[in-house]
Structures are given as structure tokens and as C-alpha cells.
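The values are calculated or read from the model by the stated rules, or taken from the named source; none is laboratory data. All values derive from a computational prediction rather than experimental measurement. All Cβ positions, even for glycine, are placed from backbone atoms using ideal geometry, and neighbour counts span all protein chains on display. The area values use the complete protein model at the heavy-atom level, side chains included, leaving out ligands, DNA and RNA. Shrake-Rupley method; radii C 1.70, N 1.55, O 1.52, S 1.80 Å.
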Amino acid sequence: MYLNGVKKSNMVSYDAIVIGSGISGGWAAKELCERGLKTLVLERGRDVKHVVDYKTAFKHPWEFEDRLRTPNKDKQKDPVQSTSYTSGNKHFYVSDSEHPYIQEDPFRWIRGYQVGGRSLIWGRQCYRMSDLDFEANLKDGVGVDWPIRYKDLAPWYDYVEKFVGISGKKEGLSHLPDGSFLPPMEMNCIEKHFNAQLKEKFGDRIATIGRTANLTKPLSGRSPCQYRNLCSRGCPYGAYFSSNSSTLPAAFRTGNLTLMSDKIVIEVLYDKEHAKATGVMVIDSKTKTVEEFNARIIFINASTIATAALLLNSKSDVFPKGLGNSSGQVGHNLMDHFIGAGARGIHLGFSDTYYYGRRPAGIYVPRFRNIDDNSKRQDYIRGFSFNGRGERLNWQDNLKSNQGFGADFKDKLTKPGPWSIWITAMGETLPNYYNRVELHPTKKDQWGIPLVKIYFKYGKNESIMREDAKNSAEEMLTKSGFKDIEILDYKKPGGSVVHEMGTVRMGKDPATSVLNAHNQMHDVKNVFITDGSSMTSSGCQNPSLTYMALTARACQYAADHLKKGDL
């Protein structure tokens with residue numbers, strides 16, 4: 001039926017609504033369905049079915065008109081998204097011209113609107129946070145204290161790792177806890193040399209193989225990695241973790257899941273008489289029909305910026321500044337790691353050794369600054385890690401130093417060059433009230449939803465840390481025997497690493513935070529938020545594994561309390 005122009009779709013009442021089907025939304029769907037809850041997942045983008053919708057997965061570079069080089073027309077149409085996509089995967093990214101936002105400061109908001117969200121295009125690096133991270137805000141007097149510690153999340157890290165399938169090597173570092181790993185991928189000879197040199201020359205540093213959500217042996221019907229390194233086109237083998245290959249199928253198997261695509265959630269509806277959210281208002285992206293769906297609990301997993309925007313747009317007499325925003329913190333404390341500072345160099349050894357396959361993971365140098373008194377810096381707090389890769393220079397690199405034509409020239413190009421290695425830092429960004437998401441008061445998108453405005457600047461602490469990262473990278477390569485070292489500093493804007501976090505942070509005090517220790521809104525007890533927006537600090541690790549663990553933990557809490565009648 002219709003009421004005031006709104007199609008009422010509450011004839012079927014759900015136990016739970018999950019907004020978003022990406023990494024955390026997929027996990028929420030799986031956990032709630034497996035706990036017996038009739039669950040509706042609403043995805044604003046198109047449907048993408050595992051395997052059948054990976055249209056470019058087996059195409060060769062020469063089968064693409066642009067040979068996988070981004071043409072100028074794409075750069076003009078999608079100035080933000082084109083910094084991340086190629087013609088092999090751009091169908092998994094939004095169009096900037098169709099989905100505009102306002103950059104009050106430079107910020108790359110990379111988005112994938114489809115079933116599976118950005119789980120189809122993520123980098124798959126999975127690292128645990130530790131008490132070095134969970135206690136940092138309290139010790140440094142920055143932001144607010146996390147309401148949890150490592151012991152609260154450790155069993156949930158175990159739980160999600162065993163389902164996801166994380167390949168990696170145990171290193172015994174307290175500040176980078178080991179997990180439940182599948183066999184690690186193998187480092188090549190130059191990477192092993194680099195690791196040995198770090199251990200010998202520095203003592204407090206190692207290079208380990210990346211801990212990645214790529215299977216190295218079969219798991220739950222998913223095949224192991226084929227070493228094609230075409231992950232972002234969608235993996236037909238299910239060898240990397242995505243909502244499409246893993247969590248959503250698990251949810252469907254319960255018979256409790258209803259999934260609707262092309263449904264943009266406009267507002268979370270609030271009943272002030274019962275002090276609860278009752279459901280959501282949705283607009284169909286194609287027909288622009290407005291509908292309402294009702295549920296007993298709601299999980300918001302729209303991704304950090306979109307989640308904050310949804311809350312800010314969900315206004316009522318009780319919450320004139322947005323749902324659950326009595327603290328005034330919704331939208332604030334936006335964080336994203338900084339990247340692009342490091343070095344690369346050439347090594348003249350190991351010329352008789354090569355490699356085969358295209359490994360979808362690089363190497364990882366865990367944080368070594370501000371770990372303890374011996375590594376404490378006086379000029380900045382927190383720290384950074386390094387991602388990198390060792391490889392032999394190829395024909396494209398040889399073009400820079402060789403010129404000519406004919407058979408001799410071709411012969412030179414077909415021979416591999418010397419070994420090289422590059423490492424670039426990923427550094428922690430501190431929570432800052434200035435860095436925020438707002439809604440424009442008058443400008444709207446094609447569905448009548450206010451445009452998002454983003455304010456984001458890296459601070460002095462990040463700037464000083466960045467300089468140390470560059471100097472440290474150069475020093476490590478030099479002492480490891482590399483030559484022709486080039487310092488790297490790409491100075492990419494916020495958003496470039498696609499680790500946006502923090503706009504709806506967890507905390508102990510409802511006056512300074514939005515969520516409690518179980519990712520439950522302080523103000524609205526039947527609303528839970530477990531995507532990156534819930535993060536209280538950023539650490540220097542890739543954060544997606546933590547989102548998954550927080551989601552699984554919150555789902556248990558929500559389901560248990562729903563059954564008790566507390567929600």
C-alpha cells in the first residue's frame with residue numbers, strides 16, 4: 001500500500017536489516033542469519049553474482065582496447081576513481097560524474113556500489129591490532145580511549161581468520177599478533193636477503209610475507225590461489241575472500257537471507273515513544289520509488305563516509321543533528337593512513353635466480369617505532385609499517401637505459417634486469433575533530449539526497465613521521481646492500497589508501513563517542529555500526545580484519561540480547 005507517497009513494504013517484518021553488502025555488511029548478514037534471524041540486506045548498487053559477473057577475469061591485456069592504460073576520457077569523467085581502476089575492473093567502481101561529492105580539502109573517496117561492495121576490489125592485507133593500538137589514545141592523551149582491549153577481540157580475530165582464510169607466517173611479535181594462518185606464500189630470493197639483512201643490521205626489524213586473504217590451500221569449497229594476480233577483476237576460483245564468494249553464500253544457505261540490490265537507504269526511522277529505530281526509508285536507484293522496511297535491529301555497514309552521511313540525514317525531533325548524535329561526534333574524526341613515502345633500490349646479486357607466477361602479495365615490514373622505551377621517538381607519536389616487493393627489472397624498465405632497434409635490441413629487452421626492491425610506508429593518522437564529513441545544505445544528488453562534503457588534512461605528527469619513514473627506508477636499503485637508491489614521496493591526498501575510518505567512533509563516554517564497546521549506539525540501542533566508521537584510532541595496519549572481528553562480535557551480542565528481549 002501507499003501512504004503519503006511512500007510505498008509501505010512492512011507486510012513482512014524482519015528481525016534485522018543490514019545496510020551494505022561489503023566486507024562488514026557481508027559478515028553481519030552471515031552472522032545474523034546463522035543465529036536464526038530473518039535478515040534483509042539492502043545494497044544501493046547493482047547485483048553482482050559470484051563467477052558469472054566477473055566478465056573480465058580471463059581477458060588478456062591485448063583484448064582491451066586501451067591495453068589496460070587509463071585513457072584521458074576516463075580521467076576526465078572519473079578524476080577520483082580512475083586513480084584506482086583500469087579497464088579490467090572499472091565496472092566495480094562508481095562513476096564520479098554520476099556520484100559527485102564535494103572536496104573541501106583534497107580527498108579521494110573510492111567507492112564500489114554493487115553487491116559485495118569493495119570486497120571485490122580490496123587489497124586483502126589482513127593484520128591484527130594489539131594493545132599497543134587499543135591503549136594508544138589513552139596513553140597519548142589523543143581522541144578518546146577505546147572501550148575494548150586486545151583480549152576482547154582476540155577470539156573474534158581467530159574466528160574470522162579461520163573462515164576467511166588468511167595465509168601468512170607467524171613472527172611472534174606482541175605488537176603485531178600472530179593469527180590462525182594458512183601456509184604462507186613464499187618470498188623470493190631478494191626479499192629473503194632483505195629480511196636477513198634487517199635482522200642482522202637492525203635487530204628490531206623484519207620483512208615478512210604479507211598476511212593476505214588469498215588461499216594457499218582449499219577452504220570450504222573455495223579453491224587455492226592460481227597466482228594470476230588479477231584479483232580486482234573478481235576471482236572465479238573464490239581464492240580470495242569477498243562477500244560474494246564467502247559470507248553472502250553462507251547467509252543464503254541458512255534460508256534466512258533476503259538480499260535487495262539497487263536500494264539506497266535515505267534515512268533510518270526513529271520512534272521516540274519507544275526510543276528505538278523502527279526501520280529504514282529507501283529509494284530504488286532505478287525507479288526512484290520510495291519504500292519503508294521495518295526490523296527489530298539495524299546494522300549500518302555502508303562504509304565510513306556513507307554511514308556518517310546516512311546518520312546525519314536521519315533527523316528527528318529527538319535527534320535534530322542526526323540519528324544518535326547527541327555527542328555531536330557523528331561525521332568527525334575521519335582518518336585515513338598516509339602512504340607513498342619510502343625508497344627503492346637495485347641489487348646486483350642473485351643474477352642466476354628468477355621467479356615464476358604472479359604472487360598477489362608483497363612483503364611487510366612491521367612497525368618498529370614507539371614500540372617501547374628503546375624505540376621511542378621524541379618528535380612524534382605512533383608509527384608506520386612498510387609494504388613492498390622484490391622483483392627483477394623487466395623490458396619496460398630496460399627501455400629507460402637501452403635504445404636501438406633490430407634483433408640485438410630485442411634480445412636485450414627479453415633478458416631480465418637486476419633485482420630491485422621497493423618499500424613504501426603506511427603511517428598512522430591521529431583522530432582530529434577537524435577531519436570530518438558534512439552534508440551540503442542545498443546541493444543534492446540525482447535521488448534528492450544531500451551531497452557529502454569532506455574536510456581532511458594530515459597533521460604535524462603525520463608530516464614528521466613521513467620524513468622518518470623516507471629516511472628509514474633509505475637507510476634499510478643502503479645497509480642491505482642496495483645501490484642507486486631513489487627516495488619516494490608521492491604525497492597522495494587523504495583517501496588514497498582507501499582506509500577511511502572513524503566518523504562514528506566507539507568510546508566509553510556517550511558525551512564524546514557514538515558507539516559503546518559492542519558497536520551499539522549509545523543513544524539508540526537497537527542500532528549497531530561495525531564498518532570502518534566505528535574505529536577510535538587507526539593504527540598503522542590494514543584495518544579490514546578488525547572490521548570483520550568487530551562485526552562478528554557485535555552480531556553475537558545483538559542476537560543474544562534480541563532473544564532476551566533487551567532490544
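Of note:
Conditions tested, residue by residue: (1) touching a strand residue (DSSP E or B) at 6+ places or on another chain (Cβ under 6 Å); (2) under 30 Å from GLU191 (Cβ atoms); (3) in contact (Cβ under 8 Å) with a residue 24 or more places away in the chain.
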position: ASN471; (1), (2), (3): no, yes, no
position: GLU474; (1), (2), (3): yes, yes, yes
position: LEU488; (1), (2), (3): yes, yes, yes
position: VAL498; (1), (2), (3): no, yes, yes
position: VAL524; (1), (2), (3): yes, no, yes
position: ASP531; (1), (2), (3): no, no, yes
position: ARG553; (1), (2), (3): no, no, yes
position: LYS563; (1), (2), (3): no, no, no
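- Qualifying residue in region 406-414 (condition: part of a loop (DSSP other than H, G, I, E, B) and surrounded by 13 or more Cβ atoms within 10 Å (Cβ to Cβ)): no
- Test: residue in region 53-67 that is at pLDDT 95 or above, open to solvent by less than 10 Å² (accessible area, probe 1.4 Å) and under 30 Å from GLN446 (Cα atoms): no
- Total residues in region 277-293, condition under 25 Å from ALA552 (Cβ atoms) and out of contact with any Leu (no Cβ under 8 Å at 6 or more places or on another chain): 0
- Residue within region 436-452 that is open to solvent by less than 30 Å² (accessible area, probe 1.4 Å), touching a Pro at 6+ places or on another chain (Cβ under 8 Å), touching a residue at least 12 places away in the same chain (Cβ under 8 Å) and of a type in the set (A, V, I, L, M, F, W, C) present: yes
- Where a residue in region 155-168 is open to solvent by 50 Å² or more (accessible area, probe 1.4 Å) and its partner, wherever it lies, is part of a helix (DSSP H, G or I), with Cβ under 7 Å and at least six apart: TYR159/ALA552
- Conditions (1) outside any helix (DSSP H, G or I); (2) out of contact with any helix residue (DSSP H, G or I) (no Cβ under 9 Å at 6 or more places or on another chain); (3) without any contact (Cβ under 8 Å) to a residue 60 or more places away in the chain; number of the one not met by TRP62: (1)
- Taken over region 117-133, the criterion of being closer than 24 Å to TYR54 by Cα and of a type in the set (Ser, Thr, Tyr) is satisfied by SER119 alone.
- Looking across region 330-353 at every residue that is surrounded by fewer than 24 Cβ atoms within 10 Å (Cβ to Cβ) and out of contact with any helix residue (DSSP H, G or I) (no Cβ under 9 Å at 6 or more places or on another chain), the one that is farthest from VAL437 (Cα to Cα) is identified as ASP352.
- Of the residues in region 30-51, none is under 30 Å from HIS440 (Cβ atoms), out of contact with any strand residue (DSSP E or B) (no Cβ under 9 Å at 6 or more places or on another chain), open to solvent by 70 Å² or more (accessible area, probe 1.4 Å) and of a type outside the set (Val, Ile, Thr).
- Selection count, region 77-100, where residues are open to solvent by 20 Å² or more (accessible area, probe 1.4 Å) and touching a Phe, Trp or Tyr at 6+ places or on another chain (Cβ under 6 Å): 2
- Number of positions in region 1-34 that are within 23 Å of ILE283 (Cβ to Cβ) and modelled with pLDDT of 95 or more: 13
- Of the candidates ARG369, ARG377, ARG392, the single residue that is under 28 Å from the mean Cα position of the chain (by Cα) and among the charged types (D, E, K, R) is ARG369.
- Check on ARG389, of a type in the set (Lys, Arg), modelled with pLDDT of 95 or more and open to solvent by less than 30 Å² (accessible area, probe 1.4 Å): no
- Counting the residues of region 121-145 that are under 21 Å from the mean Cα position of the chain (by Cα) and not in a helix (DSSP H, G or I) gives 10.
- Residue match in region 322-341 (condition: closer than 30 Å to ASP204 by Cβ and not in a strand (DSSP E or B)): yes
- Selection from region 221-271 of residues that are closer than 30 Å to PRO450 by Cβ, among the hydrophobic types (A, V, I, L, M, F, W, C) and open to solvent by 40 Å² or more (accessible area, probe 1.4 Å): LEU259, MET260
- Hits in region 172-194 (condition: closer than 25 Å to PHE482 by Cβ and either in a strand (DSSP E or B) or in contact with a Pro (Cβ under 7 Å, 6 or more places away or on another chain) (or both)): LEU173, LEU176
- Checklist (1) of a type outside the set (S, T, N, Q); (2) part of a strand (DSSP E or B); (3) open to solvent by 20 Å² or more (accessible area, probe 1.4 Å) applied to LYS470, failing item: (2)
- Selection status of ASN325, of a type outside the set (Asp, Glu) and in contact with a Gly (Cβ under 7 Å, 6 or more places away or on another chain): no
- From the list ASN313, ASN244, ASN256, the lone residue that is within 28 Å of the chain's Cα centre (by Cα) and within 30 Å of LEU230 (Cα to Cα) is ASN244.
- Of the residues making up region 201-220, those that are open to solvent by less than 30 Å² (accessible area, probe 1.4 Å) and closer than 24 Å to VAL115 by Cβ number 4.
- Subset tally (residues that are under 20 Å from SER24 (Cα atoms) and open to solvent by 40 Å² or more (accessible area, probe 1.4 Å)) for region 277-328: 1
- All of ARG367, ARG344 fail the test of being part of a loop (DSSP other than H, G, I, E, B) and modelled with pLDDT of 95 or more, apart from ARG367.
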